[in-house]
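Only the coordinates and a few stated rules stand behind these numbers; no lab work does. Computed from a prediction, not measured in an experiment: that's the story for all the values here. Here the Cβ is made from the backbone with ideal geometry for all residues, glycine too, and neighbour counts use every protein chain on show.
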Amino acid sequence: MNTKLNLAIASVLAIPFQVSAEHEQLPTIVVEGSAMRAGTFGTAPDSSGLKDTASLLKRVPGANVNRNGPLTGIASYRGMFGNRINISIDGANMKEVGPNSMDPPLSHIPAPLTGTLTVHRGISPVSSGIESFGGSMHAESKKGRFAAEDEDIITSGTASMGYSSVEDGHYGALLGSAANQNHKVYLSGSKEQGLNYRIKDNEKQPNTKYDREAFTAGYGYQRDGHEFGINYSNNNTGHTGTPALPMDIVYVRGGLYDANYSWDLGNGYKLKTNVFYQKMRHLMSNFLMRSPATNMTNRTEVEAGGIDLAVDMELFNGVLTVGVNGDQSNHDANIMMGAMAINYFNGVERDRYSIFTEWTGDIAEDTELELGARYAHTWSDAGQVSGGMNMSGATTATDRIAFNAADRSRNFNFVDLTAILRHSLSSSLDIEVGLARKNRAPTYQELYLWTRNSATGGFADGNTYLGNLELEHETAYQFDLGFDWHTENAYVAPRVFYHYVDNYIQGLETSAAAASRGMGGASASLQWSNIEAHLYGIDLEAGYTFNDNLRFDAGLNYVRGERLDSPTGDTDLYRIAPLNGRAQMTYEQAGFMGAIEGVFYADQGDVANLDDPNVTTTSYRREQKTKGYMLMNLRGKYEFHGVVVGTGIENVLDTKHFNHLGGYQNHDGTTRIAMPGRNIYATLSYNW
Ligand SMILES: [Cu+2]
């Protein structure tokens, strides 16, 4: 590999766009395949990113967040979200305890304890995980550091705290580590708390208060090419609102154990393993923060575990990786509706077994090729359910009897393929073109929701859904083309993509859904079904450095998702972000940084409409359009001797707006949740 390409690829593949990570209270965002220059955006985070790691995704090209609550941010990438995105936490493919994704994986470790968040731009490699259908993201918790070779025993750590006015929120986090060159132990804890946020004037947004404690502990070992780590992370979320869902969080409790071992055998050979075990409990309620007609709670559990093993070896002019992955999860959910118990998910199991191989290397001067193939087998089953006798007349009993009599065991087998070519046209221009076939098996909610319910993995569209045992797995054919032009002072990196999705899973009006609706009818149901769809768009990042002190950075995202077999010709997919962009002027001198940021979101009129003239129906809730908006934010930061003081004003003009990805108040499908009004925040952190 020649030096020019080496440099180009190094800059294309892994730019942590936050230089002074040592002295940050925030996670370092690593965008693999990004042209973003060091320091871009990451140095001026929005204040919600101080508690919620998912918020940082708004700064990543192509990414966004479906926000169902202050701690419930669901990752979205190029119009795909939820279970279509593969997310790992400390290497573990964590499972949600909430069947409505009240605890999406990125919420497990709070932002102050998250070390890095890695996002693969464009087509994610097959090595990044099973079902990396719509993208791959990896969060790593902070774990302290080993001593350098010439050091004895060292201690390191970070302490941070912050306040934000809009919800009277505060957080504090502390991490301490002691280490020599070979051994390392660390311990951390954090606490966040806030009230319902203010929208404008004195109007408050209900169901947005939050309360969470977390701690992590671990041990690390390194010597002569061996690296071993064992970590535990515990999340204890207390009373926390999820305004876009029908219930709020009473608690999410539990932990994730993971252990990893890697061995560098030399000559390009490397062994990497990872195992995890997870157990969590969750209680949600519709009367904790609201006054419903009928009180309802849902008590859920998850127990999961997994193992990964991969070997790297040199082959031809590159590295060949061969690996196996597997995980299992078990889910239960029991609802109390008034005095009646309904068993929604009983002994649900979803297991995945997979093997993959990937080769990345040089095939010509200035040209790198990545080829990957993964085979995956997914198996799932659900136990018999009980209860619900008297709801909606006899309908629920009919649904239950049919479900219990059905064969509920399902197998899915598929092969993912990727081919990505990267070529350096000149020292300032790189081009990347990728093709892939990616697959995803239906989730347990999509298969096993046996009577209408709104537990839909955080879909939050105001409708109730019915599962479908006849679902096929989704197959996406993906094309991605990117250019990265960069000089000393400037960069422009646009990427266009086109995804055709065969058997895309979406809710439709069906006769089964109509039957399950029964006499209740209040929130009409849809049934998970396979359709044909495509998604296409562009995401772009660009910037210019004027001098050592002043620079400008900007990003632009556009995605359109459409159904291709719609009976009415109305074709848009649900919860797709409108055209949006961000521009930031940053001034830095000595330890001082100041930034002015403009955020722009266009109107979203391309909303989902699932009407089917062939099915007689009462109306379900259609997706609402949203108006565009602009926001101005001001941020400042000062750093001296490891102490960082940050402050800022968000939504300076104190205007009221609605986030198209923010859902509806009380899951009602009509009243959009408003965004926070003017927020003044301050943070203090110290690293040693
Ligand atoms: Cu929940």
Gap separating the Cα centres of segment 423-479 and segment 265-333, nearest whole Å = 17
Between Ala419 and Val324, the FRET efficiency computed from the C-beta separation at R0 = 25 Å comes out, to the nearest 0.05, as 0.70
With x for Gly and Pro, the residue-by-residue ³J(HN,Hα) of segment 227-239, computed from phi through the Karplus equation 6.51 cos²θ - 1.76 cosθ + 1.60 at θ = phi - 60° and given in whole Hz, is 9, 9, x, 10, 9, 10, 10, 10, 10, 10, 8, x, 3
Distance (nanometres) between label positions extended 7 Å along Cα→Cβ at Lys204 and Glu470 = 4.9
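How much of the DSSP bridge set in the chain is antiparallel, in percent, rounded to the nearest 5?
Working: 294 of 306 bridges.
Of those bridges, close to 95 percent are antiparallel.
With each run of n ≥ 4 DSSP H residues scored as -39500 (n - 2.57), what mean residue ellipticity at 222 nm is computed for the chain after dividing by its residue count and rounding to the nearest 500 deg cm²/dmol?
On the way: 4 runs with 34 residues, N = 688.
Result for the chain, helices only: -1500 deg cm²/dmol.
Using a 10 Å cut-off on Cβ atoms, rank the peptides 362-368, 432-438, 195-201 from the highest mean neighbour count down.
On the way: 362-368: 15.3, 432-438: 20.3, 195-201: 17.7.
Taking the mean over residues of other Cβ atoms within 10 Å, the ranking is 432-438, 195-201, 362-368.
Sum up the charges of everything whose Cβ sits under 14 Å from the Cβ of Val185, counting Lys and Arg as +1 and Asp and Glu as -1, but leave Val185 out.
Numbers: positive: Lys142, Lys143, Arg145, Lys184; negative: none.
Summing Lys and Arg as +1 and Asp and Glu as -1 gives +4.
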For Ala602 and Ser409 in one chain, what is 0.36 nm times their gap in residues minus the Cα-Cα distance, to one decimal in nm?
-> 65.0 nm
Förster radius 30 Å - calculated FRET efficiency between Lys279 and Met313, Cβ distance, rounded to 0.05 | 0.25
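Just how large is the dipole of the chain about the Cα centre, in debye to the nearest 20, putting +1 at every Lys and Arg Cβ and -1 at every Asp and Glu Cβ?
Numbers: 55 positive and 77 negative charges, 391 e Å.
Here the chain has a charge dipole of around 1880 debye.
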In degrees between 0 and 90, to the nearest 10, how far off the longest principal axis of the chain does helix 3-13 point, with axes built from Cα atoms?
-> 30
Sorted by chain and then number, the residues having a modelled amide H within less than 5 Å of the amide H of Gly467, at least 5 places away or on another chain, are Leu449, Trp450, Thr451
Which distance in nm do the two modelled labels at Ala402 and Glu301 give, with both placed 7 Å along the Cα-to-Cβ direction?
-> 3.0
Whole-Å distance linking the alpha carbon centroid of segment 338-375 with that of segment 151-170 is 35
What list of ³J(HN,Hα) values in whole Hz, one per residue of segment 651-661 in order, does the Karplus curve 6.51 cos²θ - 1.76 cosθ + 1.60 (θ = phi - 60°) give from phi, with Gly and Pro shown as x?
-> 6, 3, 7, 6, 9, 9, 9, 10, 7, 4, 9
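Per 0.36 nm of contour for each residue apart, how much would the distance between Asn267 and Arg437 grow if the chain were fully extended, relative to their Cα-Cα spacing? Don't jump to the answer; show the numbers that get you there.
Details: separation 170, 0.36 × 170 = 61.20 nm, distance 3.23 nm.
So the extension gain works out to 58.0 nm.
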Dipole check, segment 207-358, charges on Cβ (K,R +1; D,E -1), about Cα centroid: among Gly225, Met289, Ala304 the Cα furthest to the positive pole belongs to Met289
Could you tell me which of rounded, prolate or oblate describes the chain, using a ≥ b ≥ c as the square roots of the eigenvalues of the alpha-carbon gyration tensor, with rounded for a/c under 1.5 and, failing that, prolate when a/b is larger than b/c and oblate otherwise?
-> rounded
What's the center-to-center distance, using Cα atoms, between segment 562-589 and segment 205-225 in Å?
-> 32
From phi via Karplus (6.51, -1.76, 1.60), per-residue ³J(HN,Hα) for segment 152-162 in Hz, x at Gly/Pro | 8, 8, 10, 10, 9, x, 8, 10, 9, 8, x
Extending each Cα 7 Å along its Cβ direction at Ile230 and Met340, get the distance between those two points in nm, one decimal.
-> 4.9
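Between Phe592 and Ala148, what's the calculated FRET efficiency when r is the beta-carbon distance and R0 is 30 Å? Round to 0.05.
Values: r = 29 Å, r/R0 = 0.98.
In this case the efficiency is close to 0.55.
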Would you mind checking which residues have amide H under 5 Å from Asp654's amide H? H placed 1.01 Å from N; only 5 or more apart, or other chain.
-> Arg678
Spelling it out for Gly135: with amide H atoms placed in the peptide plane at 1.01 Å from N, the residues 5 or more places away or on another chain with amide H under 5 Å from its amide H are Asn86
